[in-house]
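S.K.: My questions all concern the structure below.
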Amino acid sequence: VQLQASGGGLVQAGGSLRLSCAVSGRSANSRATAWFRQAPGREREFVAGISWSDITTYSDSVKGRFGISRDKGTNAVYLQMNSLRPEDTAVYYCASKKLYSTVSYLQADYVYWGQGTLVTVSS
(Lines give C-alpha, C1' and ligand atoms only; values in the text may rest on other atoms or scores of the structure.)
Protein backbone atom coordinates (compact mmCIF):
# COMPACT_ATOMS: atom_id res chain seq x y z
CA VAL A 1 0.00 0.00 0.00
CA GLN A 2 1.36 3.40 -0.97
CA LEU A 3 0.06 6.86 -0.13
CA GLN A 4 0.85 10.17 -1.75
CA ALA A 5 -0.30 13.45 -0.22
CA SER A 6 -0.69 16.67 -2.19
CA GLY A 7 -2.50 19.99 -2.16
CA GLY A 8 -0.60 21.98 0.43
CA GLY A 9 0.31 25.61 -0.04
CA LEU A 10 0.17 29.12 1.33
CA VAL A 11 -3.21 30.59 2.25
CA GLN A 12 -4.43 33.56 4.25
CA ALA A 13 -6.26 33.11 7.52
CA GLY A 14 -9.93 32.41 6.88
CA GLY A 15 -9.19 30.74 3.56
CA SER A 16 -9.60 27.16 2.39
CA LEU A 17 -7.46 24.36 1.01
CA ARG A 18 -8.18 20.79 -0.02
CA LEU A 19 -5.57 18.13 0.56
CA SER A 20 -5.59 14.89 -1.42
CA CYS A 21 -4.21 11.50 -0.50
CA ALA A 22 -3.88 8.99 -3.32
CA VAL A 23 -4.01 5.48 -1.87
CA SER A 24 -2.81 2.61 -4.05
CA GLY A 25 -2.38 -1.08 -3.46
CA ARG A 26 -4.32 -3.98 -2.01
CA SER A 27 -7.87 -3.09 -0.95
CA ALA A 28 -7.06 0.59 -0.68
CA ASN A 29 -10.67 1.54 0.10
CA SER A 30 -11.06 -1.06 2.83
CA ARG A 31 -8.71 0.59 5.31
CA ALA A 32 -9.02 3.37 7.81
CA THR A 33 -7.14 6.42 6.53
CA ALA A 34 -6.31 9.50 8.54
CA TRP A 35 -4.62 12.84 8.35
CA PHE A 36 -2.01 13.84 10.92
CA ARG A 37 -0.07 17.08 11.14
CA GLN A 38 3.18 18.23 12.67
CA ALA A 39 3.93 21.87 13.38
CA PRO A 40 7.52 23.06 13.95
CA GLY A 41 8.72 22.07 17.39
CA ARG A 42 5.61 20.04 18.17
CA GLU A 43 4.66 16.38 18.10
CA ARG A 44 2.65 14.91 15.27
CA GLU A 45 -1.06 15.00 16.05
CA PHE A 46 -4.23 13.40 14.73
CA VAL A 47 -6.45 15.67 12.62
CA ALA A 48 -9.19 13.56 11.03
CA GLY A 49 -9.85 10.00 9.94
CA ILE A 50 -12.28 7.87 7.95
CA SER A 51 -12.88 4.22 8.70
CA TRP A 52 -13.20 1.37 6.19
CA SER A 53 -16.98 1.82 6.52
CA ASP A 54 -16.71 5.61 6.00
CA ILE A 55 -17.30 6.68 9.59
CA THR A 56 -15.49 9.96 10.17
CA THR A 57 -13.68 11.22 13.27
CA TYR A 58 -12.19 14.65 13.98
CA SER A 59 -9.96 16.23 16.56
CA ASP A 60 -11.60 18.93 18.63
CA SER A 61 -9.32 21.56 17.15
CA VAL A 62 -10.67 21.10 13.61
CA LYS A 63 -14.23 19.88 14.21
CA GLY A 64 -16.68 22.03 12.27
CA ARG A 65 -13.95 23.48 10.04
CA PHE A 66 -12.41 20.45 8.31
CA GLY A 67 -14.11 17.62 6.43
CA ILE A 68 -12.65 14.24 5.46
CA SER A 69 -14.10 12.20 2.60
CA ARG A 70 -13.28 9.24 0.39
CA ASP A 71 -13.74 8.76 -3.35
CA LYS A 72 -13.89 5.01 -3.91
CA GLY A 73 -13.71 5.43 -7.65
CA THR A 74 -10.27 7.01 -7.54
CA ASN A 75 -9.01 5.54 -4.22
CA ALA A 76 -8.46 9.03 -2.88
CA VAL A 77 -9.06 10.52 0.55
CA TYR A 78 -9.59 14.25 0.81
CA LEU A 79 -9.26 16.76 3.63
CA GLN A 80 -11.27 19.91 3.00
CA MET A 81 -9.94 22.63 5.28
CA ASN A 82 -12.06 25.75 5.78
CA SER A 83 -11.71 28.78 8.05
CA LEU A 84 -7.99 28.16 8.30
CA ARG A 85 -6.05 29.69 11.17
CA PRO A 86 -2.33 30.39 11.58
CA GLU A 87 -2.20 27.59 14.15
CA ASP A 88 -3.18 25.13 11.40
CA THR A 89 0.25 25.70 9.85
CA ALA A 90 2.00 22.32 9.71
CA VAL A 91 3.19 19.50 7.53
CA TYR A 92 0.18 17.28 6.89
CA TYR A 93 0.57 13.50 6.46
CA CYS A 94 -1.92 10.86 5.38
CA ALA A 95 -1.70 7.34 6.78
CA SER A 96 -3.59 4.05 6.51
CA LYS A 97 -4.16 1.11 8.82
CA LYS A 98 -4.66 -2.59 8.17
CA LEU A 99 -7.72 -3.97 6.38
CA TYR A 100 -11.20 -3.36 7.79
CA SER A 101 -9.93 -1.02 10.44
CA THR A 102 -11.52 1.76 12.46
CA VAL A 103 -9.98 5.15 13.05
CA SER A 104 -7.67 5.66 16.00
CA TYR A 105 -5.83 8.72 17.28
CA LEU A 106 -2.49 6.96 17.74
CA GLN A 107 0.00 7.30 14.93
CA ALA A 108 1.61 4.02 16.01
CA ASP A 109 -1.56 2.22 14.88
CA TYR A 110 -1.02 3.33 11.27
CA VAL A 111 1.08 1.07 9.10
CA TYR A 112 1.41 2.99 5.85
CA TRP A 113 2.41 6.64 5.55
CA GLY A 114 2.68 9.11 2.72
CA GLN A 115 5.14 11.94 2.47
CA GLY A 116 4.00 15.22 3.99
CA THR A 117 2.56 18.28 2.32
CA LEU A 118 3.16 21.70 3.84
CA VAL A 119 0.27 23.98 4.73
CA THR A 120 1.13 27.54 5.71
CA VAL A 121 -1.58 29.90 6.96
CA SER A 122 -0.61 33.56 7.14
CA SER A 123 -2.27 36.01 9.52
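The values are calculated or read from the model by the stated rules, or taken from the named source; none is laboratory data. Since the structure is predicted, the reported quantities are computational estimates derived from the model, not experimental observations. Don't worry about glycine lacking a Cβ; one is built from the backbone with ideal geometry, like all the others, and counts go over all protein chains shown. Ligands, DNA and RNA are excluded from the accessible area calculation, which covers all protein heavy atoms including side chains. Shrake-Rupley method; radii C 1.70, N 1.55, O 1.52, S 1.80 Å.
S.K.: Size of the dipole of the chain about the Cα centre, Lys and Arg at +1 and Asp and Glu at -1 on the beta carbon, nothing else charged, in debye to 20? Mind showing how you got there, number by number?
M.R.: Numbers: 13 positive and 8 negative charges, 50 e Å.
Taking the Cα centre of the chain as origin, the dipole is about 240 debye.
S.K.: While we're looking at this one, here's another question. Roughly how many debye, to the nearest 20, is the charge dipole of segment 1-65 about its Cα centre, given +1 on each Lys and Arg Cβ, -1 on each Asp and Glu Cβ, and no other charges? Don't jump to the answer; show the numbers that get you there.
M.R.: Values: 8 positive and 4 negative charges, 17 e Å.
Around 80 debye, computed over segment 1-65.
S.K.: In terms of the Cα gyration tensor, with a ≥ b ≥ c the square roots of its eigenvalues, is segment 78-123 rounded because a/c is under 1.5, prolate because a/b exceeds b/c, or oblate? Each step should come with its number before you reach the end.
M.R.: Working: a/c = 2.77, a/b = 2.25, b/c = 1.23.
Cα axes put segment 78-123 in the prolate bin.
S.K.: I'm checking a number: the convex hull volume of the Cα atoms of the chain, normalised per residue, in Å³. What is it? Show your work: numbers first, answer last.
M.R.: On the way: hull volume 10.7 nm³, N = 123.
Hull volume over Cα atoms, normalised by residue count, gives 87 Å³.
S.K.: If a/c stays under 1.5 just call it rounded; otherwise compare a/b with b/c (prolate if a/b is bigger, oblate if not). Do that for segment 49-98, with a ≥ b ≥ c from the square roots of the Cα gyration tensor eigenvalues. Numbers along the way, then the final one.
M.R.: Details: a/c = 1.90, a/b = 1.78, b/c = 1.07.
Verdict is prolate for segment 49-98.
S.K.: Computing the accessible area with a 1.4 Å probe over protein heavy atoms, can you report the carbon and sulfur percentage for the chain? If you can, show how the numbers build up before the last one.
M.R.: Working: 2950 of 6150 Å².
The computed percentage sits at 48.
S.K.: For labels at residue 10 and residue 108 in the simple 7 Å Cα→Cβ model, what's the distance in nm?
M.R.: It works out to 3.9 nm between the two label points.
S.K.: What is the distance in Å between the Cα centroid of segment 1-48 and that of segment 105-123?
M.R.: 5
S.K.: Over the chain, give the accessible area per residue in Å² for a 1.4 Å probe, as an integer. Write out the running numbers ahead of the final one.
M.R.: Values: 6150 Å² over 123 residues.
Accessible area per residue, the chain: 50 Å².
S.K.: Within segment 54-80, whose backbone N sits under 16 Å from a point 7 Å along Cα→Cβ of residue 123?
M.R.: Correct set: none at all.
S.K.: With every protein chain left in place and a probe of 1.4 Å, what is the accessible surface of residue 69, to the nearest 10 Å²?
M.R.: 50
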